[in-house]
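The values are calculated or read from the model by the stated rules, or taken from the named source; none is laboratory data. Here the structure is a predicted model, which is why all the values come from computation and not from measurement. Backbone-built Cβ (ideal geometry, glycine too); neighbour counts: all protein chains shown.
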Amino acid sequence: MVKKQFAVIGLGRFGSSVATYLAKMGYDVLAVDESEERVQDVAHAVTHAVSADSTDEEALRAIGVRNFDVVVVAIGQDIQASILTTLILKDMGVPYIIVKAQNELHGKVLSKIGADKVVFPERDMGLRVAHHLISPNILEHIELSPEFSIVEMRAPDEMIGKNLKQLDIRAKYNCNVLAVKQGEQMNITPHADEPLAAGDVLVIVGRNDQLIRLEQAYAEA
Ligand code: ATP
């Protein structure tokens, strides 16, 4: 299998983290930033690191960004540069462009001009921390859409010994238990009669407001 090749433009905290982790996982990574200093900071950790202004189409062509399967645009503060860069990459025909957005409006513009995926790292991390604060039992939170999420919830004491039928999460909270994790084991067809044991983790899908209701109910119980 041919490994995907990645380019990351913008080497702030987010971009440099994406670039160095991809390289650590064995992928070819080209890291680009207009700041020579930022380039030097990651040069030791990635395959290639070059300094260039990504709003300069010629500069992007010269470094061969077109040949990468995925380009991550991680320019945050300078929204204009982020949009221009995305537009140029789209025009060049880069197959998959992921862009970090600063806010919702920035995200909307990026989607309109053809970004394949828009990410909001600060907003998403804020949401995760908020969920964890509401209920320390929430181990993971994955946003499926602005309205729906999947959460991983450690079975709180009040659930232990009870089965899914007794807990009645579907009727009470309109949420679905997709799976129950027991250590390394993932049971994707959890039985309604099986009592939950200490350490079990429930994987639950639902609307955000209903999930929060469920989290609150068990955090306060
Ligand atoms: P962080 O990921 O640290 O939160 P941020 O969202 O605050 O970053 P910035 O620091 O504004 O984003 O930008 C990230 C990087 O993008 C910076 O290192 C900056 O030099 C680089 N950058 C900004 N504009 C361009 C450009 N036109 N071409 C190349 N790199 C750029």
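For the stretch 30-38, does any single residue satisfy the condition of being more than 17 Å from residue 87 (Cα to Cα), in contact with a strand residue (DSSP E or B) (Cβ under 7 Å, 6 or more places away or on another chain), hydrophobic (A, V, I, L, M, F, W, C) and assigned by TED's automatic domain parsing to the domain that holds residue 94?
Yes, the stretch 30-38 contains a residue that is more than 17 Å from residue 87 (Cα to Cα), in contact with a strand residue (DSSP E or B) (Cβ under 7 Å, 6 or more places away or on another chain), hydrophobic (A, V, I, L, M, F, W, C) and assigned by TED's automatic domain parsing to the domain that holds residue 94.
Step by step: first the residues of the stretch 11-61, then only those that are hydrophobic (A, V, I, L, M, F, W, C) and within 8 Å of the ligand (Cβ to nearest atom), then the one that is nearest to residue 124 (Cα to Cα). Which residue is that?
Looking at residues that are hydrophobic (A, V, I, L, M, F, W, C) and within 8 Å of the ligand (Cβ to nearest atom), I get 14.
Can you pull out every residue in the stretch 6-54 that is crowded, with 16+ Cβ neighbours inside 10 Å and among the aromatic types (Phe, Trp, Tyr)?
Correct list: 6, 14, 27.
Which pairs turn up if I take residues in the stretch 3-14 that are in the same structural domain as residue 27 (by TED's automatic domain parsing) and look for partners that are basic (Lys, Arg) and within 11 Å of the ligand (Cβ to nearest atom) with beta carbon separation below 8 Å, at least 6 apart in sequence or on another chain?
10/100; 11/38; 12/38; 14/100
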